[in-house]
Amino acid sequence: MPKYIAVIGGVISGVGKGIATASIGRVLKNYGLSVTAIKIDPYINCDAGTLRPTEHGEVWVTDDGGEIDQDLGNYERFLGQPISKFNNITTGQIYRTLIEKERRGDFLGETVQFIPHVPNEIKRRVINAAGANDIVLVEIGGTIGDYENIPFLFALKSLENEIGTENIIYILVSYLPIPTHIEEMKTKPTQLAIKLLRENGIQPDFIICRGKYPLDAVRKNKIEQYSNISSENIISMPDVTGEGTPNTIYVVPSVLERENLGEKILQRLNVQKKEDYDSQEWNESTRRIIHSEKKVKIGIVGKYINIGDYMLKDSYISVCESLRHAGGKNNAEISICWIDASSLEDSGEESHSLLSSCDGLLIPGGFGSSGVEGKIKAIRYARENNIPFLGLCLGMQLAVVEFARNVCSLGGAHSREINPDAQHGVIDFLPEQHSISLKGGTMRLGSYPAVLKENTKTYSLYGQNIVAERHRHRYEVNPEYHSILQQNGLIFSGMSPDKTLVEFIELPNHPFFIATQSHPEFKSSLLKPAPLFDGFIKASLARQHLLTSQTHIEL
Ligand code: GLN
């Protein structure tokens, strides 16, 4: 039977509970145990597919076609294994199932009530997702004290009752602020979070203390006295990104291991490790990110960037992490230059210096019309000036639009997503999308295979001719334009097995111009960087090298 680790947040959200959960998973996996992780999102949406990326960050896509909160991406990146959509549970899913069952008459006249039906349905889903793994992490979204968390806490207590207290532990991930006017780390909000947990019948076994700096002995003792938890089980998890830090989340497993958290958890759950702790490969890859010898500047031309006075980089988190994975492999620190696509729209020559200051340009996925002409401008600049270019999903569709307009001379070419009346709709609805009226969960979602063309760059990067990447789109390259695009020199380097759908494109006579209808960023991990990102970083480093040597000649 699996052992469960429930992870609950205290004080505020957004302090790295997902990274803490993923890192605990990594630590336990390093002991040879099989581990999975479940994310509970207490919102009423059935999944994250219809959520605004500027509010919730990127939508993560699983192999089996789930559209999920970005935390599942952290679990996959840290555990290095695919995680199913069934490992995400939302309030919407629970109520939808219960109401469907009730309408079918499955309850045979029973009154369907909050207790026991809601916690029972939550438990059923948790146990199903747990499978036969040794360890199952269950992260509850939000913060203790949120009204919407209550049914999930209730379900965990009920699960505990069923499986025995020895088979489940609770970890509180709390935040210790340092108010600027007193410059002292305060434990009071954490004390209040513990109090709230206890009101729900939960005494935490461990407290992970997030803060700008490590937790000192004085504050550990204070929390120990207040909460009756041995200071041994109060774990310090200081910031690892930002100035004066290693600046990579991949060190967090080592931070937790320094406090011996893995051994302590195994002891508390009475689990035998299957191997000696092995973090060699992980640490080696992390070290290459921290101590990289080179630096490469990548321009990401996106639209989900500026939110009010703040920059929200979480909208492209998997793209950024994939760049870092590939950077680590190539010994290069990634410096990301955020380029707001709409700012390029009205700009003239002056935007060229910004674009050409980047070693490579990346156009990520997206929806809707804003910033589209700016992205097309950036793609044209990359194509005409030999700047390495990687296009993902919408990025590929716009590369096709740009090529159709400026190389095939198809004036007015566009995507029908942006201009339904375009004279040349080179990007159009996938056939099955015409009849779809519901927005949630109806795109072409999840992993699909593609057959790569031999003697292309795409083929040589993957090193095999059949590859599977994840998808999330409604539009495709219009089959009516396949031949004109190819006649003008665009190479379809990967097609769906039935040869109808363009999955990868590239240009010959360009250092690196590759785009894909898929999202390879969803399969990249620290130990296994995505091949297209690897090739893109290599090409960007080569351009940098070329520019430097040209400068030398001029001097
Ligand atoms: N909006 C485009 C489509 O639906 C691209 C989607 C994406 O970039 N994920 O086809």
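Look through Gly365, Gly360 and report the one residue that is in contact (Cβ under 8 Å) with a residue 40 or more places away in the chain and either open to solvent by 10 Å² or more (accessible area, probe 1.4 Å) or within 16 Å of the ligand (Cβ to nearest atom) (or both).
Values: Gly360 fails: either open to solvent by 10 Å² or more (accessible area, probe 1.4 Å) or within 16 Å of the ligand (Cβ to nearest atom) (or both).
After applying the criteria, what remains is Gly365.
Hey, could you check the stretch 368-397 for residues that are more than 10 Å from the ligand (Cβ to nearest atom) and closer than 21 Å to Ile484 by Cα and say which is surrounded by the most Cβ atoms within 10 Å (Cβ to Cβ)?
Ile379
So Lys439 ticks every box in (1) basic (Lys, Arg); (2) modelled with pLDDT under 95; (3) closer than 21 Å to Ala378 by Cβ but one. Which box is left unticked?
(3)
So, in the stretch 410-444, how many residues would count as being touching a Cys at 6+ places or on another chain (Cβ under 7 Å) and among the aromatic types (Phe, Trp, Tyr)? Step through it out loud before you land on a result.
Taking the stretch 410-444 and keeping what is touching a Cys at 6+ places or on another chain (Cβ under 7 Å), we get 440.
With the extra rule that they be among the aromatic types (Phe, Trp, Tyr), the set shrinks to none.
Result for the stretch 410-444: 0.
For every residue, the table says whether it meets (1) assigned to a loop (DSSP other than H, G, I, E, B); (2) of a type in the set (Phe, Trp, Tyr); (3) in contact with an Asp or Glu (Cβ under 9 Å, 6 or more places away or on another chain).
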{"site": "Thr190", "(1), (2), (3)": "no, no, no"}
{"site": "Leu196", "(1), (2), (3)": "no, no, no"}
{"site": "Leu215", "(1), (2), (3)": "yes, no, no"}
{"site": "Ile235", "(1), (2), (3)": "no, no, yes"}
{"site": "Val240", "(1), (2), (3)": "yes, no, no"}
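What tally of residues in the stretch 411-457 results from selecting those that are hydroxyl-bearing (Ser, Thr, Tyr), within 16 Å of the ligand (Cβ to nearest atom) and over 30 Å from Ser84 (Cα atoms)?
Adding up the residues that qualify gives 1.
Among the helices (runs of 4 or more DSSP H) lying completely within the stretch 339-406, list those that include at least 2 residues that are of a type in the set (Asp, Glu).
Numbers: elements: 341-345, 350-356, 372-384, 394-406.
So the answer is 372-384.
When Val400 is evaluated against the numbered criteria (1) within 21 Å of Leu507 (Cβ to Cβ); (2) away from the ligand (no atom under 13 Å from the Cβ), which criterion, by number, is the only one it fails?
(2)
Return a yes/no flag: does the stretch 469-489 have any residue that is within 27 Å of the chain's Cα centre (by Cα), away from the ligand (no atom under 13 Å from the Cβ), open to solvent by less than 60 Å² (accessible area, probe 1.4 Å) and over 19 Å from Leu398 (Cβ atoms).
If we filter the stretch 469-489 for residues that are within 27 Å of the chain's Cα centre (by Cα), which is where we start, we get 469-477.
Now restrict to residues that are away from the ligand (no atom under 13 Å from the Cβ): none.
Within the stretch 469-489, none of the residues are within 27 Å of the chain's Cα centre (by Cα), away from the ligand (no atom under 13 Å from the Cβ), open to solvent by less than 60 Å² (accessible area, probe 1.4 Å) and over 19 Å from Leu398 (Cβ atoms).
Confirm whether Lys3 is in contact with a strand residue (DSSP E or B) (Cβ under 7 Å, 6 or more places away or on another chain) and open to solvent by 20 Å² or more (accessible area, probe 1.4 Å).
On the way: in contact with a strand residue (DSSP E or B) (Cβ under 7 Å, 6 or more places away or on another chain): yes; open to solvent by 20 Å² or more (accessible area, probe 1.4 Å): yes.
Against the criterion (in contact with a strand residue (DSSP E or B) (Cβ under 7 Å, 6 or more places away or on another chain) and open to solvent by 20 Å² or more (accessible area, probe 1.4 Å)), Lys3 qualifies.
Could you check the stretch 138-197 and list, in sequence order, the residues that are over 18 Å from Ile235 (Cβ atoms), modelled with pLDDT of 95 or more and among the charged types (D, E, K, R)?
Lys157, Glu160, Glu162, Glu166
Which members of the stretch 68-85 meet the condition of being touching a Lys or Arg at 6+ places or on another chain (Cβ under 7 Å) and within 21 Å of Arg124 (Cα to Cα)?
Correct list: Ile68, Asp69, Leu72.
Report the residue count in the stretch 111-156 for those that are open to solvent by 20 Å² or more (accessible area, probe 1.4 Å) and of a type in the set (Asp, Glu).
Selection size over the stretch 111-156: 3.
Does Ala515 count as surrounded by fewer than 15 Cβ atoms within 10 Å (Cβ to Cβ), at pLDDT 95 or above and not in a helix (DSSP H, G or I)? Steps first, please.
Details: surrounded by fewer than 15 Cβ atoms within 10 Å (Cβ to Cβ): no; at pLDDT 95 or above: yes; not in a helix (DSSP H, G or I): yes.
Spelling it out, it is not the case that Ala515 is surrounded by fewer than 15 Cβ atoms within 10 Å (Cβ to Cβ), at pLDDT 95 or above and not in a helix (DSSP H, G or I).
The values are calculated or read from the model by the stated rules, or taken from the named source; none is laboratory data. Note that the coordinates shown come from a computational prediction; the quantities given were computed from them, not determined experimentally. Heads up, the Cβs are rebuilt from the backbone with ideal geometry, glycines too, and the neighbour counts pull from every protein chain shown. The accessibility values were calculated without ligands, DNA or RNA, using every heavy atom of the protein model including side chains. Shrake-Rupley method; radii C 1.70, N 1.55, O 1.52, S 1.80 Å.
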